[in-house]
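This report concerns only the one structure given below.
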Amino acid sequence: MMKIAHISDIHLGITMFGRALEEDQRYIMNQITEKLRGIRPDMIVVAGDVFHSTNPPAWGQTVWLETVYAWSEICPVRIIPGNHDSAARLSSNQPFYNIRDIHVYTEPVIETYDNHKILFVPNKSCDSPEEYLRYAMETDGGSVQCDVMVAHHNFIPTDPKAFKHLNPLMFSTSPSAVPEALIPEGVFVLAGHIHVDWDFGNVAYSSSPLQYNFEKTVANPGFGVLTISNDGSFCYERVESEPLHKLVFIDRKTAPEILADDTLDPNSYYRILLSSPEELNDYGDRLREKLPLILSLGVERKDVKVIATAKATARDTHTLSFGEQVDAFCEYVGGDSPEIIYRHSDYLKEGH
């Protein structure tokens, strides 16, 4: 039996509305380290996007080095770059990593551990992500036989229902989108790139450890653990993380209602949209006094948040769930097969 801890999309060095999240990210990474000590995996894999940018701030690099060294005291650590990472920067400490059994793979590599073969596929900018993945899965003219693949890609499910609550439009905009059908039968994929706890077939996204990335919340932040049984079967479980500060969106209350709400935690981050500039001017200071960790305080622009279909009038997206937006798109293009997500460009160009 082999147990692999699956972590991705950490985005160390991120700021949100100008606020550096060093305290938040250090808190989360220490929390994950303690959880890993209790789980005692055989290997920790990081499926890309260690950093938020190719040139992360010094504090982000420090948190990473402290974290990965702590992880290496638990078990071997394997890392692939994501689309936000600089492969050169991420692997620059490799001489020191070698001492700690830490490896950054900047090219496709297959590694055998405890009789299980693991294929690592780092993210690369290329014209055809499908061809790149096919290249990564071939060696000496034949297909690589592996049990697990670690990749930083948008895998598009064959079954449209597998999107569940997700918006398929975001998949088609990614330069790393590849169809699920490309994955060899019997291979489990530990994926990065999508900041959600999502799995379909033999593909699992671990979510991001932090509750907020790109100024929006992450559902069920944390990481995953894949157990490979002696009979070759897979079991994927999730381990949730708890943020130092929660991120709360408020856009359906007036300023007086917010000020009167005693359930709001002053230790949380807030993004607040008010209904008018006058309300912002009259109550802005009092709101910041009540909620000192407000990150964004502004006025909602309802005119720009609209989605339309060919057969329906425009509707405010606040009234539509992701699923309803997907249905609207499917109705517009006249189908529900997974191929329709490739047709999003015309839909967007027409002003929807």
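The values are calculated or read from the model by the stated rules, or taken from the named source; none is laboratory data. Here the structure is a predicted model, which means the values were calculated and not measured. Using ideal geometry, Cβ is built from the backbone for each residue, glycine included, and neighbour counts are taken over all protein chains shown.
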Q. Among the listed residues ALA88, ALA47, which satisfies the condition of being among the small types (Gly, Ala, Ser) and touching a His at 6+ places or on another chain (Cβ under 6 Å)?
A. ALA47
Q.
Return the residues of the stretch 175-210 that are more than 23 Å from GLU131 (Cβ to Cβ) and of a type outside the set (Phe, Trp, Tyr); say none if nothing qualifies.
A. HIS195, VAL196, ASP197, ASP199, ALA204, SER206, SER207, SER208, PRO209, LEU210
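Each row is one residue, and each column tells you yes or no for (1) surrounded by fewer than 17 Cβ atoms within 10 Å (Cβ to Cβ); (2) at negative phi; (3) at pLDDT 95 or above.
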| position | (1), (2), (3) |
| --- | --- |
| THR15 | yes, yes, no |
| LEU21 | no, yes, no |
| GLN25 | no, yes, yes |
| ARG40 | yes, no, yes |
| ALA47 | no, yes, yes |
| PHE51 | no, yes, yes |
| VAL63 | no, yes, yes |
| THR67 | no, yes, yes |
| TRP71 | no, yes, yes |
Q: Identify, from the list VAL45, VAL77, the residue that is more than 19 Å from the chain's Cα centre (by Cα) and within 20 Å of HIS193 (Cβ to Cβ).
A: VAL77
(Q) Here are the criteria: (1) at pLDDT below 90; (2) in a helix (DSSP H, G or I); (3) among the charged types (D, E, K, R). Tell me which single one ARG288 does not satisfy. (A) (1)
Q. Which of (1) touching a strand residue (DSSP E or B) at 6+ places or on another chain (Cβ under 8 Å); (2) under 30 Å from GLN211 (Cα atoms); (3) surrounded by 13 or more Cβ atoms within 10 Å (Cβ to Cβ) does GLN94 not meet, given it meets every other one?
A. (3)
Q) Between residues in the stretch 121-142 that are in the same structural domain as HIS103 (by TED's automatic domain parsing) and more than 23 Å from LEU90 (Cα to Cα) and residues that are at pLDDT 75 or above and surrounded by 13 or more Cβ atoms within 10 Å (Cβ to Cβ), which pairs lie under 6 Å by C-beta distance while being six or more apart or on different chains? A) GLU130/VAL178
**Q.** Condition met for THR227 (modelled with pLDDT of 95 or more and either among the β-branched types (Val, Ile, Thr) or loosely packed, with under 13 Cβ neighbours inside 10 Å (or both))
**A.** yes
Q | Checking THR254 against (1) within 30 Å of VAL150 (Cα to Cα); (2) touching a residue at least 12 places away in the same chain (Cβ under 8 Å), the condition it does not meet | A | (1)
Q) For the stretch 2-46, which residues satisfy the criterion of being free of Cβ contacts under 8 Å to residues at least 60 places away in the same chain, more than 21 Å from VAL150 (Cβ to Cβ) and assigned to a helix (DSSP H, G or I)? A) GLU22, ARG26, ASN30, GLU34, ARG37, GLY38
